[in-house]
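These notes are about the structure you will find just below.
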Amino acid sequence: MNVRDWDKIANRYEQEIITPFQEGVVNPLFDAILALPDKHTLTAADLGCGTGPLLPFLSEHFKQVTAIDFSPRMIENAKKRAHAKNISFHRSSLTDLSRFYDQFDVAVAVNSILFPSSRSIDSILSEIHRTLTPEGTLMAIFPSMEVILYQGALIFDREIEKIGDEEKALWTTKRILERRKFDFISGIYDDNGLRQKFFYEFEIKHRLKKSGFKNIRIKKVLYPWDGRMGSFERFYDQPRLWDWFITAKSSPANRTHSE
């Protein structure tokens, strides 16, 4: 999705997008922030802040908060939502964060690294690394690709029980899952030209290490089956769907700046 696409949904963001801030979600991000020592002396960035659902929490716990998004309409809505004096707002793409190099003790990115280009993702992660102070912390949430496979397996099992024929059940599962819209190598979902990136757990670790991060830790953001789950099928008796939550530290040995 480009800037124009995000501008169009800015006023109905909560209705259009499944977020880790909705009711019933188990989100490790909040506890991770609360566990930071001396956080009231630290600077933080909300990278891809959207309409600003996280900004009031960040402004309460950090000395200074920088909210960044490339959508003007998102920035406008975020300003209406968060009025604290320690928040500054900036319009910028995550592919070029040069004006913020070495400024943030903590960088938060919640489902905002969605570019369908692998090179762009690597560039964004490298840019984020450069914005952090030495030993700074990245906290990020990434859409899970494994959860698509998980949902497919649950649907397949259900359809076998209903139909009794594995070949027909597999065909039905692919139709329900919209298999043709997914590329399971690149992790791209393509819905009539609107392309979004999903991430494998091993891929996240690989890309973060390439971009200079260390001490990578991964947990799950758990979504309730009875919540607003978009096009996902619901299996109330099975373990929840998830996104990936990561924490990682910047590595001074790998810090390089563009000329």
Which of (1) of a type outside the set (Ser, Thr, Tyr); (2) touching a strand residue (DSSP E or B) at 6+ places or on another chain (Cβ under 9 Å); (3) without any contact (Cβ under 8 Å) to a residue 12 or more places away in the chain; (4) in a loop (DSSP other than H, G, I, E, B) does Trp225 not meet, given it meets every other one?
(3)
Conditions (1) in the same structural domain as Ile218 (by TED's automatic domain parsing); (2) assigned to a helix (DSSP H, G or I); (3) in contact (Cβ under 8 Å) with a residue 60 or more places away in the chain; number of the one not met by Thr137
(2)
Looking only at region 150-165, decide whether some residue is part of a strand (DSSP E or B), surrounded by fewer than 21 Cβ atoms within 10 Å (Cβ to Cβ) and modelled with pLDDT under 95.
no
If we keep just the residues of region 72-89 that are under 25 Å from Leu125 (Cβ atoms) and touching a Lys or Arg at 6+ places or on another chain (Cβ under 8 Å), which is surrounded by the most Cβ atoms within 10 Å (Cβ to Cβ)?
Ile75
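Got a sec? Which of Thr131, Thr19, Thr41 is crowded, with 22+ Cβ neighbours inside 10 Å and among the β-branched types (Val, Ile, Thr)? Quick ask: steps written out before the conclusion?
Values: Thr19 fails: crowded, with 22+ Cβ neighbours inside 10 Å; Thr41 fails: crowded, with 22+ Cβ neighbours inside 10 Å.
When all the criteria are applied, what remains is Thr131.
Could you go through region 115-124 and let me know if any residue there is of a type outside the set (A, V, I, L, M, F, W, C), in contact with a Lys or Arg (Cβ under 8 Å, 6 or more places away or on another chain) and at pLDDT 95 or above.
We begin by selecting, within region 115-124, every residue of a type outside the set (A, V, I, L, M, F, W, C); these are 116-120, 122-123.
Those still in the list that are in contact with a Lys or Arg (Cβ under 8 Å, 6 or more places away or on another chain) too: 116, 122.
After this cut, where a residue has to be at pLDDT 95 or above as well, the list is 122.
Scanning region 115-124, I find at least one residue that is of a type outside the set (A, V, I, L, M, F, W, C), in contact with a Lys or Arg (Cβ under 8 Å, 6 or more places away or on another chain) and at pLDDT 95 or above, so the answer is yes.
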On the given criteria, is Pro53 exposed (fewer than 15 other Cβ atoms within 10 Å of the Cβ) and under 21 Å from the mean Cα position of the chain (by Cα)?
no
Does region 99-114 hold any residues that are part of a loop (DSSP other than H, G, I, E, B) and more than 14 Å from Glu135 (Cα to Cα), and which are they?
Asn111, Ser112, Ile113, Leu114
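Look at Asp46 and say whether it is closer than 16 Å to Arg130 by Cα, modelled with pLDDT of 95 or more and in the same structural domain as Ser118 (by TED's automatic domain parsing). Walk me through it before giving the result.
Values: closer than 16 Å to Arg130 by Cα: yes; modelled with pLDDT of 95 or more: yes; in the same structural domain as Ser118 (by TED's automatic domain parsing): yes.
Here the answer is yes, as Asp46 does meet what is asked.
The values are calculated or read from the model by the stated rules, or taken from the named source; none is laboratory data. As the structure is a computational prediction, the values presented were derived from the model and not from experiment. Ideal geometry is used to build each Cβ from the backbone, glycine not excepted, and the neighbour counts take in all protein chains shown.
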